[in-house]
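See below for the structure under consideration.
The values are calculated or read from the model by the stated rules, or taken from the named source; none is laboratory data. As the structure is a computational prediction, the values presented were derived from the model and not from experiment. We place every Cβ from the backbone using ideal geometry, glycine too, and count neighbours over all the protein chains shown. Heavy atoms of the whole protein, side chains included, go into the accessibility calculation; ligands, DNA and RNA do not. Shrake-Rupley method; radii C 1.70, N 1.55, O 1.52, S 1.80 Å.
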Amino acid sequence: MFNKIALSSSVYEKLCVLFNIGAQASEIAAVQQYDQDDGLKTAIKLYQTAAGAFSYIRDNSLTTTRSDCTTDFYHETLSLLISIMLAQSQEVFYHKAVKDRMKENTISKIAAHASDLYADAMKQVQHESLKDLQKVWLQVLAAKQALFHGLSEYHKAEYENNEKKNIGEALARLTVIYLKILKYIYIYIYIYLM
C-alpha cells in the first residue's frame, strides 16, 4: 500500500521519526494488561499520545503535493489514524469505567462516545484516496461502532431498569440491541460466507 520516497530534508526526517513514535505508542497501548488499572491508564495515555503525534504531523507537514510524500503522510490518512487512536482510547476508557463500576448511565455515555468516534473513523476511511485501507479497516470500524452502540444501549437499559424502574424503556432498548445483532449477523454471513 505505502510507496517509498527519498527526500533530503531534516524536517521530513523529524516527521518520520514522530510518525514512528505514534505508531510505536499505539503498538505498546495494544498490549497493555486491560485487567489492571495501570495497564488501562497507560493504554489510554499511549493512544492519546499516538493521536497527538499524528495530529502534529498532519498540521505541520510541509508537503505541497501528493508527490512530495508517502501515502502515510496524506492528510486523509493521518486524519484516519487520529480518529482510530482516539476511538481506541475511548474504548479503553469504557473498559476502565466498567472495571471501576461507574454508574450505568455514565458507562452508557462513554460507550456512546466510543461509538461516535468509530463512526467518524468509518466516514474517514471511505475517502477516495484510502481505498486500499477500506478493505482492511471498514469492516473492523463498522463492527466496533455497532458494538459500542449496542453496549451504550445495554447500559442505558440497565440504568432504566435498575435506577429509574422503567422496565418498558429497558425492554425497548434491549429489543433494539437484539435486532441490530441480527442485522450484523446477516451482514457477516453475506460478506464472509457467500
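Can you name every residue in region 24-38 that is touching a helix residue (DSSP H, G or I) at 6+ places or on another chain (Cβ under 6 Å) and within 16 Å of Lys96 (Cβ to Cβ)?
Result: Ala29, Gln32, Gln33, Tyr34.
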Go through (1) open to solvent by 50 Å² or more (accessible area, probe 1.4 Å); (2) more than 30 Å from Glu76 (Cα to Cα) and name the single condition Ala157 misses.
(1)
Criterion first (of a type outside the set (Asp, Glu) and either over 19 Å from the mean Cα position of the chain (by Cα) or surrounded by 16 or more Cβ atoms within 10 Å (Cβ to Cβ) (or both)) does Gln90 satisfy it?
yes
